[in-house]
1. For A:Val119, only one of the following conditions fails: (1) farther than 30 Å from A:Ser56 by Cβ; (2) part of a loop (DSSP other than H, G, I, E, B); (3) modelled with pLDDT under 90. What is its number?
2. It is to be established whether one or more residues within segment B:59-82 are more than 18 Å from B:Ala169 (Cβ to Cβ), open to solvent by less than 60 Å² (accessible area, probe 1.4 Å) and within 14 Å of chain A (Cβ to nearest Cβ).
3. State whether one or more residues within segment A:84-91 are in a loop (DSSP other than H, G, I, E, B) and in contact (Cβ under 8 Å) with a residue 60 or more places away in the chain.
4. Check A:Arg191 against each of (1) charged (D, E, K, R); (2) within 14 Å of chain B (Cβ to nearest Cβ); (3) within 24 Å of the chain's Cα centre (by Cα) and name the one condition it does not meet.
5. Which residue is nearest to the other protein chains (Cβ to nearest Cβ), if the candidates are limited to segment B:88-101 and must be open to solvent by less than 50 Å² (accessible area, probe 1.4 Å) and polar (S, T, N, Q)?
6. Give all pairs with beta carbons closer than 6 Å in which a residue from segment A:172-193 that is of a type in the set (Lys, Arg) meets a residue that is open to solvent by less than 80 Å² (accessible area, probe 1.4 Å) and assigned to a strand (DSSP E or B); count only pairs at least 6 apart in sequence or on separate chains.
7. Residue check: is B:Glu91 touching a residue at least 24 places away in the same chain (Cβ under 8 Å) and in a loop (DSSP other than H, G, I, E, B)?
8. When you scan segment B:110-187 for strands (runs of 3 or more DSSP E) that lie fully inside it, which ones turn up with 3 or more residues that are within 14 Å of chain A (Cβ to nearest Cβ), modelled with pLDDT of 95 or more and over 14 Å from B:Leu96 (Cβ atoms)?
Amino acid sequence: MSTDTERTIAPRSRREARLQRRRREGWWRLNRWSLPALAVLILATIGVIGGNEWNSYFSGRASIPVTVAAGGSAELAGTTWGPATAHRLDADETASLQPPSATRLLEVTVPVTPGATAVGCQRPVLRETDGAQRQWNDASGTLPRSAVNDQPSSCLADATGPYSIVVPFLLPENAEGPFVLDLAVTESLPRFLRLALIL
Amino acid sequence: MSAVRPGRRRRDWSLAVLLLIAAWLLAFVTPAEDAATAPFVVSAQPGEEAAGRNISATVTGIRAAETLSGGWAAAGVWLIVDLEVASVLSEQGVLLGHATLQVADRSYRASERPPSLFRQTLAAGIPQSGSLAFELPDAAFAGTAVLRLGLLEAETRLDSLLEVPLDLAGVAPEAELPLQPTRWATP
């Protein structure tokens, strides 16, 4: 090998001196700056690409809950929502609706006070917070006749004054709660309301 | 270069042959290419509930007919599968979208023509009863079949897929039969 020979020959320039020093160093020492920089760049690349993908997927969906405690209200998109209440319909109230046996009908009411401009929202979803965390859709269309067919079951995009959203949910008897109502306001996505309910 | 001793050469060749054999054996235990995205199969017998991630179903009976009530005719024979089905966790966009019958090497999708449970919206925790109808050739009734139920019609990867074996040999076709109306299983 020429290494011993190089040590006995005086370098003719600073560049040659630098090259001789580099040849004598080990691989790890040679790359003591580039390896950490590479690690940082890899992590940054993963973060940027992953963050972009995450943002693209979730920005248009109801993915960031604004939790409202039971009995409380919140303002979102210039509109005041709540307090949300839940009422279990008894046998007399449900007789004409013909729900199947081993089920219960839950009616959720959410007072809405629109702001300067009315907003739209997706259909509310009832969610269990414990156990399997099941979700149920608005049952207005599945029952023979809605008990609240003169009340809106979703936001009114052209409302100018206060109104109430009244939504029936058909639940299995083993759904004991506690429950929350997820309400996605179109103008505020990805934030959405999660209203805790008291039965 | 120094000469390689004969003993070392034999050892190297033996090691190479062993590695080749090991590579050949490895091919047998390597999963198939689509194994990483295969559905999670949940099997059950007729009369037993099969419960997956977000779908549960119980086959309550199978019947066969030349014609379905309502004038639904087929070139072959109608196989009617009566069942109860529900979703488990959620209802948002959940329906019985995948309903196929595997007979030998052929797969038949449930017919969308007569009103049935096919593509029916499911309720979480609340079973609905009804029927699925399959148009089958006469030869299909000679053996067994496997009923497969899932949520998405064309996509079964990485989600539950219910499988129920059905004995078609013991089903004698009648002239005309109705499908069970789709309704709550416990009205």
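1. The single condition A:Val119 does not satisfy is (1).
2. Checked against the condition, which is being more than 18 Å from B:Ala169 (Cβ to Cβ), open to solvent by less than 60 Å² (accessible area, probe 1.4 Å) and within 14 Å of chain A (Cβ to nearest Cβ), segment B:59-82 yields no hits at all.
3. Yes, segment A:84-91 contains at least one residue that is in a loop (DSSP other than H, G, I, E, B) and in contact (Cβ under 8 Å) with a residue 60 or more places away in the chain.
4. It is condition (2) that A:Arg191 fails.
5. Among those that are open to solvent by less than 50 Å² (accessible area, probe 1.4 Å) and polar (S, T, N, Q), it is B:Ser90.
6. Qualifying pairs under 6 Å: A:Arg191/A:Ile64; A:Arg191/A:Val66.
7. yes
8. Where strands (runs of 3 or more DSSP E) fall fully within segment B:110-187, none carries at least 3 residues being within 14 Å of chain A (Cβ to nearest Cβ), modelled with pLDDT of 95 or more and over 14 Å from B:Leu96 (Cβ atoms).
The values are calculated or read from the model by the stated rules, or taken from the named source; none is laboratory data. The shown structure was predicted, so the numbers you read here are calculated from the model rather than taken from an experiment. Every residue, glycine as well, gets a Cβ built from its backbone with ideal geometry; the counts of neighbours run over all protein chains shown. To get the accessible areas, we keep the full protein, side chains included, count just its heavy atoms, and leave off ligands, DNA and RNA. Shrake-Rupley method; radii C 1.70, N 1.55, O 1.52, S 1.80 Å.
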